[in-house]
Amino acid sequence: METEKKVKKGKNKKKSKKTLRRWLWPIEKLLVFIVIVGIIFTYEFSAHLVEGGAMYPYLQDSTLVLYYRHGKVVRNLVVAYKADNKMRTGRVIGIPGDKVSIEAGKCYVNGVEQESFYRIKGSVKEHTIGANTYFILNDYRYNTQDSRDFGDISAKDIEGTYFCSFHTGVM
C-alpha cells in the first residue's frame, strides 16, 4: 500500500514538473528576448526627448526621438549632439570641407543659398568646416542655439543620426 502511494507521489511530482516547465518556458523566452533587445538598444540606439521648438516644424516639443549610434553623418540629416553639457537636436548643414556662411538672414554652403522656412538670426563669417566637425542648425533658426553659438560640432559629440520619432503628447 505504501509503495503504491510512493509511486503515485512520484508520478504526480513528474507531472507537476512538466506543468511547471510548460508554464516557465514562455517566460524564459520572453526574458531572453527582453535582454537581447536591451543589449541591442543600448549599443545601437539612443533616445532623446525634444524640448522646445528648435526643430519645429519637423520635430515638435515633447517628441521622443530614436537615434542610430552608428549612422553615417551626411548633409541635411537630423542628429542628436552634445553641446554646452546638454543633449540637443539639429540638422547637419555643413560637413567637413564645406564653406559655410550666414549673411542677411540667409545660409550659404559652398556659395549656394540653402532653403529655409525662416529668416536666420545673426551672421557667421565664411569659414571652412574642419576635419571631423560639422555645422549644425536647428530647423527653427530664428531664436535657438546651434552652431551659430557653439561653433562647429565635433564628430565625437554627435550621439547618433535620426531613426524614428514618436509624439508623446506631453505638453
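The values are calculated or read from the model by the stated rules, or taken from the named source; none is laboratory data. Everything numeric here is computed off the predicted structure, so don't read it as measured data. Cβ coordinates were reconstructed from backbone atoms using ideal geometry, including for glycine residues, and neighbour counts include every protein chain displayed. Heads up: the accessible areas ignore ligands, DNA and RNA and are worked out on the full protein's heavy atoms, side chains in. Shrake-Rupley method; radii C 1.70, N 1.55, O 1.52, S 1.80 Å.
Screening Pro57 against (1) open to solvent by less than 60 Å² (accessible area, probe 1.4 Å); (2) of a type outside the set (Phe, Trp, Tyr); (3) closer than 19 Å to Ile158 by Cα; (4) not in a strand (DSSP E or B) leaves a single unmet condition, (3). Considered as a group, the residues in the range 95-116 that are open to solvent by 60 Å² or more (accessible area, probe 1.4 Å) and of a type in the set (Asp, Glu) include one that is nearest to Gly151 (Cα to Cα), and that residue is Glu103. For Lys121, the criteria (1) open to solvent by 60 Å² or more (accessible area, probe 1.4 Å); (2) part of a loop (DSSP other than H, G, I, E, B); (3) within 20 Å of Asp61 (Cα to Cα) hold in every case but one, which is (3). Tell me which residues, restricted to the range 146-171, are modelled with pLDDT under 85, of a type outside the set (Val, Ile, Thr) and either touching a Lys or Arg at 6+ places or on another chain (Cβ under 8 Å) or open to solvent by less than 80 Å² (accessible area, probe 1.4 Å) (or both). Passing the criteria: only Gly169.
Taking only pairs six or more apart or across chains, which ones have beta-carbon atoms under 9 Å, a first residue in the range 8-27 that is aromatic (Phe, Trp, Tyr), and a second residue that is modelled with pLDDT of 60 or more and part of a helix (DSSP H, G or I)? Taking only residues 6 or more apart or on different chains, not a single pair turns up.
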